[in-house]
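Below is one structure, written out as structure tokens, with a few remarks after it.
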Amino acid sequence: MSKRAAAALVAGAMVAVLTACGSGGGSGSADKGSGHKLTIGFSQVGAESGWRTANTKSIQDAAKKAGVTLKFSDAQQKQENQIKAIRSFIQQKVDVIAFSPVVESGWDTVLKEAKAAHIPVILTDRAVDSKDESLYVSFLGSDFVEEGKKAGDWLVKEYAATSGEVNIVQLEGTTGSAPANDRKSGFADAIKGEPKFKVVASQTGDFTRAKGKEVMQAFLKSQPKIDVLYAHNDDMALGAIQAIEEAGKKPGTDIKIVSVDGVKDAFTAMSQGKINYDVECNPLLGDQLMELAKKVKAGETVERRIKTEESTFTPEQATAALPNRQY
Ligand code: AHR
């Protein structure tokens, strides 16, 4: 066979593979050509935080704008609900499945089922720890390790002139979730060179305000000296602020607070001096997700990892950004 013929064969095979991957498979995939409305099955984590509410709205609004049929399912922070939703999307023969995995592990079986049904899967916001990368086509979302590192870097600068011990309590996100794992490790990495920093207590607050408050109340009772609270999200920080105030202390002054997300309520608290630093995590992924799903459906090659652009906020910056903050 000539080199040219071999190259043509390889190119043909690649197109076939991409088309098969993007077609959605199942019955009727051949007639899903021009004029066919794209259907995405989306399994959301839940409604645990202000960030999540903004993320859901962004995805629903973007689907409407893009003329995409969105089958939306709320998993209420339970992996088994997400697995059920994904199986139901497979049965309904949606074109693309997208989901934000509540925890990192335990997805291989259901993702293999989607693959066998030729339905491409896009991960949004959170990652899975599957070794088999053929189980999803792309992952769109933040770099959570980097977010944790930014929080730790701020702390190192803030306490540069302090030589005594700095006692930190940590409110972790949902156990086993990518943002909890990564924000914890990124932060630990950033402060590890400075023995004065001591994480004296660390517990999950499940990314909710109520749990954040409850766990902070327990920290305040069990820890004689707390200098800093590191919260893996704003909702837990806001719950903790209530606990700190109820204990007769001043959040932001008696206990410094560094958090992640950058939602409006946290910016309001920052403008009141109650949170000292916020690392942004952008929930507005809807438009990018629709674009990505359309490309996947059309058989175009897409990037395997798409990172969200994010910033950090001091109280002054948050106060200035507050009037125009969308979420
Ligand atoms: O996965 C993103 C995280 O999940 C956000 O930081 C948090 O607020 C949400 O619940």
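Residues that are surrounded by 21 or more Cβ atoms within 10 Å (Cβ to Cβ) and away from the ligand (no atom under 16 Å from the Cβ) were ranked within region 91-109; the one that is farthest from residue 140 (Cα to Cα) is 94.
The condition of being crowded, with 23+ Cβ neighbours inside 10 Å, hydroxyl-bearing (Ser, Thr, Tyr) and within 16 Å of the chain's Cα centre (by Cα) holds for only one of 259, 185, that being 259.
Of all residues in region 33-44, those being in contact with a strand residue (DSSP E or B) (Cβ under 7 Å, 6 or more places away or on another chain) and either near the ligand (Cβ under 9 Å from one of its atoms) or at pLDDT below 95 (or both) number 1. If the condition is being farther than 15 Å from residue 290 by Cβ, within 13 Å of the ligand (Cβ to nearest atom) and open to solvent by less than 50 Å² (accessible area, probe 1.4 Å), then region 45-74 contributes 45, 46, 48, 49, 50, 51, 52, 54. A Cβ distance below 8 Å, combined with a sequence gap of six or more or placement on separate chains, defines the contacts here; from region 265-280, residues that are on the phi > 0 side of the Ramachandran plot reach residues that are of a type in the set (Val, Ile, Thr) and surrounded by fewer than 17 Cβ atoms within 10 Å (Cβ to Cβ) in the pairs 273/253. Taken residue by residue, region 192-214 has at least one member that is surrounded by fewer than 16 Cβ atoms within 10 Å (Cβ to Cβ), among the hydrophobic types (A, V, I, L, M, F, W, C), free of Cβ contacts under 8 Å to residues at least 60 places away in the same chain and within 16 Å of the ligand (Cβ to nearest atom).
From the list 146, 172, exactly one residue is over 25 Å from residue 81 (Cα atoms) and within 16 Å of the ligand (Cβ to nearest atom). Which is it?
146
The values are calculated or read from the model by the stated rules, or taken from the named source; none is laboratory data. Because the structure is predicted, anything quoted here is derived from the model rather than measured. All Cβ positions, glycine included, derive from the backbone under ideal geometry; neighbour counts span all protein chains shown. In case anyone asks, the SASA skips ligands and DNA or RNA and just uses the protein heavy atoms, side chains included. Shrake-Rupley method; radii C 1.70, N 1.55, O 1.52, S 1.80 Å.
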